[in-house]
Amino acid sequence: MNDANLNENNDRSLIMMKETHGEVMLISLAGKLDSMTAQTFEQDLLGQIAQGRVRLVIDFSQLNYISSAGLRVILMAAKRIKVASGKLVLSGMQTHIREVFEISGFLTILNVLDGTNAAIAAAGQ
């Protein structure tokens, strides 16, 4: 069952769309994840985790930009999900987004897959 929600923050530079796939929550991001949008994303993401949704996929295929503030939110969520024995899988990174994760060293500590369907399957295991 897919239950989609569309959330936009006030400056409309980050769009978050959520869909459920069994136990897995898919969060698709579009726009920019930076210091102006990271707090809204953090509150939403940590809220999902607090509600027990600890099998998450974040789809970056429509994300155009990520800053260190966005990376911090991803790392914080990964740590909380690990403590809760869940799974976080990232998918669909464009080349320039993947390079930011690579330079930061995050590719070695996070589960990153190319396709969203593969990421949903991996998060559900």
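Computed from the coordinates by the stated procedures, all read-outs in this text should not be read as laboratory data. The model shown is predicted, which means the values in this text are computed figures rather than measured ones.
If I ask for residues that are in a loop (DSSP other than H, G, I, E, B) and over 13 Å from the mean Cα position of the chain (by Cα), which ones from region 92-112 would you list? Within region 92-112, Gln94, Gly105, Ile109 qualify. Entry remark, region 17-42: residues being among the hydrophobic types (A, V, I, L, M, F, W, C) and farther than 14 Å from Val73 by Cα number 5 in total.
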